[in-house]
């Protein structure tokens with residue numbers, strides 16, 4: 001290879017896209033590789049930032065998607081989620097996948113308030129580097145697909161948090177009253 005050249009696909013200049021971390025934080029973490037980026041799970045798999053929520057719990061993680069979220073991106077995320085994630089997290093993200101049904105440790109539910117409020121960069125970091133009992137998927141899932149999976153997870157969260165539609169009271173008479181209360 002010629003000195004100073006970068007092979008195609010290896011120049012990763014968009015820090016937020018490739019790390020899920022805010023650009024200024026990612027570069028400072030690279031210089032200080034001793035300190036972990038953001039809260040890390042403890043032995044129980046919970047974060048050491050239990051009293052913090054949302055972006056405050058993960059101050060280094062990006063809060064907005066670094067790519068446009070389109071219908072195609074969400075669909076790609078659904079496909080990748082079904083391949084890589086549903087076996088543990090379940091089809092609706094409740095943490096009740098087939099692995100759990102077979103006796104393995106329950107996966108995190110994306111419908112927990114902690115994860116509903118977590119920034120998208122936290123999910124990217126968890127997929128990339130692993131979290132608790134979850135292994136790292138950086139070598140299996142390209143960055144573009146990791147963001148697509150996260151877009152789908154956000155869609156799952158929205159679909160599971162919709163309040164039930166109000167039931168309107170009927171203004172018409174019940175069938176028994178319409179027929180005079182007699183059955184024929």
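The values are calculated or read from the model by the stated rules, or taken from the named source; none is laboratory data. Everything numeric in this text was worked out from a predicted model, so none of it was measured. Glycine gets a Cβ as well: all are built from the backbone with ideal geometry, and neighbour counts include every protein chain shown.
Anything in region 88-98 that is surrounded by fewer than 16 Cβ atoms within 10 Å (Cβ to Cβ) and in a helix (DSSP H, G or I)? List them, or say none. Correct list: 98 only. Kindly indicate whether residue 126 is touching a strand residue (DSSP E or B) at 6+ places or on another chain (Cβ under 8 Å), over 15 Å from residue 69 (Cα atoms) and assigned to a loop (DSSP other than H, G, I, E, B). The answer is no for residue 126.
Pairs meeting the criteria (first residue in region 141-167 and within 17 Å of residue 19 (Cβ to Cβ), second residue modelled with pLDDT of 95 or more and in a loop (DSSP other than H, G, I, E, B), beta carbons under 8 Å, at least 6 apart or on different chains) are 146/137; 149/85; 149/141.
Of the conditions (1) surrounded by 12 or more Cβ atoms within 10 Å (Cβ to Cβ); (2) within 19 Å of residue 150 (Cα to Cα); (3) modelled with pLDDT of 55 or more, residue 52 clears all except one; give me its number. Just one mismatch for residue 52, condition (2). A single entry from 101, 106, 76 fulfils the requirement of being surrounded by fewer than 16 Cβ atoms within 10 Å (Cβ to Cβ) and over 13 Å from the mean Cα position of the chain (by Cα): 101.
Modelled with pLDDT of 95 or more and either in a helix (DSSP H, G or I) or under 13 Å from the mean Cα position of the chain (by Cα) (or both): does that describe residue 63?
Numbers: modelled with pLDDT of 95 or more: no; either in a helix (DSSP H, G or I) or under 13 Å from the mean Cα position of the chain (by Cα) (or both): yes.
No, not satisfied.
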